[in-house]
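Worksheet: the structure to be examined is printed underneath.
The values are calculated or read from the model by the stated rules, or taken from the named source; none is laboratory data. Just so it is clear, the structure is predicted and the values come from calculations on it, not from any experiment. Heads up, the Cβs are rebuilt from the backbone with ideal geometry, glycines too, and the neighbour counts pull from every protein chain shown.
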Amino acid sequence: MEKKSITDIFSIEIASLIEKNGRYLIKHNLKEKVFSIFDKVEIKKTGLGLRYLILKIADISLIPVKHISRVVNTLYHLYGDDDEGRGKFSELDICELNNRDDVWNGRSWLQTERYLQPAMIRCDDNEGLKLFIMNV
């Protein structure tokens, strides 16, 4: 089975930022939201030359839960069950997102040997909703 790349479904705007691979940090406000949610992107490069992308929105109250559900389900269709065996977006996710006292741990597909571009989505009150994608 061929490993799929999640960045293949992103906009031309993000693709052009990814191509700027010489820079160690790129921060950019997006003209077009990714997944109808994320309006900011950061691309960071480690000292070892590894690069990762972070899509984010600070105020999660601005987005309907159905949009978060769509992101999780898209990742599920690309990657399958996450590292904890969790699948599609569920009622438990809705409860966790609505409980402002907790961090929503979302999903993680970080087993690097299994995925071409390991990814993780999560939310907390300090930093909002974030989608991390490695190996960009």
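Points worth noting:
- Some residue of the range 79-91 being part of a loop (DSSP other than H, G, I, E, B), among the charged types (D, E, K, R), touching a residue at least 60 places away in the same chain (Cβ under 8 Å) and over 17 Å from residue 6 (Cα atoms): no
- Tally of residues being free of Cβ contacts under 8 Å to residues at least 40 places away in the same chain, closer than 19 Å to residue 6 by Cα and part of a loop (DSSP other than H, G, I, E, B) across the range 36-69: 1
- Extreme residue, modelled with the lowest pLDDT, among residues of the range 52-72 that are surrounded by fewer than 16 Cβ atoms within 10 Å (Cβ to Cβ) and among the aliphatic types (A, V, I, L, M): 58
- Within the range 6-35, considering residues that are part of a loop (DSSP other than H, G, I, E, B), modelled with pLDDT of 75 or more and not charged (D, E, K, R), the one farthest from residue 57 (Cα to Cα): 24
- Cβ-Cβ under 8 Å pairs, at least 6 apart or on other chains, the range 112-130 side crowded, with 20+ Cβ neighbours inside 10 Å and at pLDDT 85 or above, far side of a type in the set (Val, Ile, Thr) and part of a strand (DSSP E or B): 117/133; 118/133; 119/133; 129/57; 129/121
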